[in-house]
1. Could you grab me the full set of residues in the range 231-279 that are open to solvent by 30 Å² or more (accessible area, probe 1.4 Å) and within 14 Å of the ligand (Cβ to nearest atom)?
2. Given ASP366, ASP352, which one is over 30 Å from GLU232 (Cα atoms) and in contact (Cβ under 8 Å) with a residue 40 or more places away in the chain?
3. Just the residues that are more than 16 Å from the ligand (Cβ to nearest atom), touching a helix residue (DSSP H, G or I) at 6+ places or on another chain (Cβ under 8 Å) and open to solvent by 10 Å² or more (accessible area, probe 1.4 Å), please, taken from the range 281-321.
4. Give me the helices (runs of 4 or more DSSP H) completely within the range 243-342, filtered to those with at least 2 residues that are among the basic types (Lys, Arg), ordered by residue number.
5. When only residues in the range 10-20 that are over 15 Å from THR306 (Cα atoms) and of a type outside the set (Val, Ile, Thr) count, which is surrounded by the fewest Cβ atoms within 10 Å (Cβ to Cβ)?
6. Test VAL126 against the stated conditions and say whether it is touching a residue at least 60 places away in the same chain (Cβ under 8 Å), open to solvent by less than 40 Å² (accessible area, probe 1.4 Å) and within 23 Å of LEU290 (Cα to Cα).
7. Looking at the range 103-116, can you tell me whether even one residue there is out of contact with any Leu (no Cβ under 9 Å at 6 or more places or on another chain), more than 16 Å from the ligand (Cβ to nearest atom) and either closer than 24 Å to GLY325 by Cα or in a helix (DSSP H, G or I) (or both)?
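The values are calculated or read from the model by the stated rules, or taken from the named source; none is laboratory data. Since we're looking at a predicted model, the values are computed, not measured. Positions of Cβ are generated from backbone atoms using ideal geometry, with glycine treated the same way; all protein chains shown enter the neighbour counts. Quick note on the areas: whole protein, heavy atoms, side chains included, nothing else; ligands and nucleic acids left out. Shrake-Rupley method; radii C 1.70, N 1.55, O 1.52, S 1.80 Å.
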Amino acid sequence: MILYPHLDTNAEGHLTVGGMDTVELAREFGTPAYIMDEDVIRANCRTYLTAARAHFGADALPLYASKALCFTGIYRLVAEEGLGVDCVSGGELFTALRAGFPAERIYFHGNNKTDADLAMALDMGVGTIVVDNEDELDALHALARAKGKVQRILLRITPGIDPHTHRAIQTGNVDSKFGRAIATGQALEITKAALARTGVRPVGFHCHIGSQIFDIDPFRDAADIMVRFIAEVKRETGFEAEELNLGGGLGVPYLAEDRRIDYAAAVAEIAAIVRQNAADAGIRMPRIILEPGRSLVAAAGITLYTVGSVKEIPGFRNYVSVDGGMPDNPRYALYQSQYTALIANRASAPKDYRATVAGRCCESGDLIGENMPLQKPQRGDILAVLTTGAYNFAMASNYNRLPRPPVILVQGGKARVAVRRETYEDIVRNDLSE
Ligand SMILES: *Cc1c(COP(=O)(O)O)cnc(C)c1O
């Protein structure tokens, strides 16, 4: 096992994913390429669904936050597994629709949905729209009225929690582009406004406190604050929320030393916290929704690259350049995210070398990681970066006119292309020559 049980080495000392030789996969599909182990995604879906049904009730519906990894096939896979999805744009809605995803199981998020987005969601029959602000509330109300519809909604609330300092600070994180804050009184105001609009039917509240969180305490604080808010709304307006969506955010290990979360245990703990708080606050237990993204797909993915050059700068550091970089994984450039990398064709050899893994863009910040432990690399080696299932393909760009890599799904000893590699023709497709 290398970081995860589905990653290992074979007799040739090659890295395997789901039992398949990554060096063979690189030969067959080319590099750079995203390889995703379908069984891992399905198993993660089942873990959440089983735990949610056991602890939240039979009607529990975990949502896959599809911004983490978005293509047509993933919506089919998630639909088969019985989850709902969270979409955050017209493009994601369109992809879900194209995949035949059941619209009633879609939650539509975003802090600035356009009128076109809202009309599209209404026309598609999207089950729930998570309303972010008063402007959106008014626009949705008007559009729904014009279409003769009453849209089921949640209201996005800012509970004021900084998940990384592990403290609930009522005024902290009130400064957010998302939702309306409890601390300023604006959460109660938008609730009253929503209850007065006939084009929408509010059923509850949503919050999302952050991402890559390893601690249950911020969720405990969020559940506590949100349940007290539900009780306050009931006192002030008589409206008792039937649904509480606590967002996503549970973390995954990127490095061997990172903590590992038992997701089923986390679901059980969140349910117990909400149940206790609801009893204390004198409200009925709301239907709890969780919407994990990263923890469903990140571990499933690896990215394979071919090493192009190895540059040793005496007294400084070593650079290994690969045939991808920030266009296929911008996360180091964006927020210095740490990854585990290895030489896939010598995966059993000791990592006795350190190198900064650089991409091929004309940009000094185009790095996958700095001073990463590696097997000693040479031109032609296959370099694998692990845990790239979430926020890599989804964030990919064509910077420097690099075609985006394919997404290859492996399952049961077979590999199939889920998203084909872009071609240079794809890249110029929308350029008008006149
Ligand atoms: C990004 C996001 C998620 C998923 O977050 P992860 O950290 O990937 O689990 C869920 N809900 C909302 C509203 C989000 O913005």
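1. Within the range 231-279, ILE261, TYR263 meet the criteria.
2. ASP366
3. Within the range 281-321, ALA281, GLY282, ILE283, ARG284, MET285, ARG287, THR306 qualify.
4. none
5. Here the answer is ALA11.
6. no
7. yes
Results for (1) within 15 Å of the ligand (Cβ to nearest atom); (2) more than 21 Å from THR303 (Cβ to Cβ); (3) open to solvent by less than 20 Å² (accessible area, probe 1.4 Å); (4) of a type in the set (A, V, I, L, M, F, W, C), shown as yes or no for each residue.
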{"position": "ASP37", "(1), (2), (3), (4)": "no, no, yes, no"}
{"position": "ASN44", "(1), (2), (3), (4)": "yes, no, no, no"}
{"position": "ARG76", "(1), (2), (3), (4)": "no, yes, no, no"}
{"position": "ALA79", "(1), (2), (3), (4)": "no, yes, no, yes"}
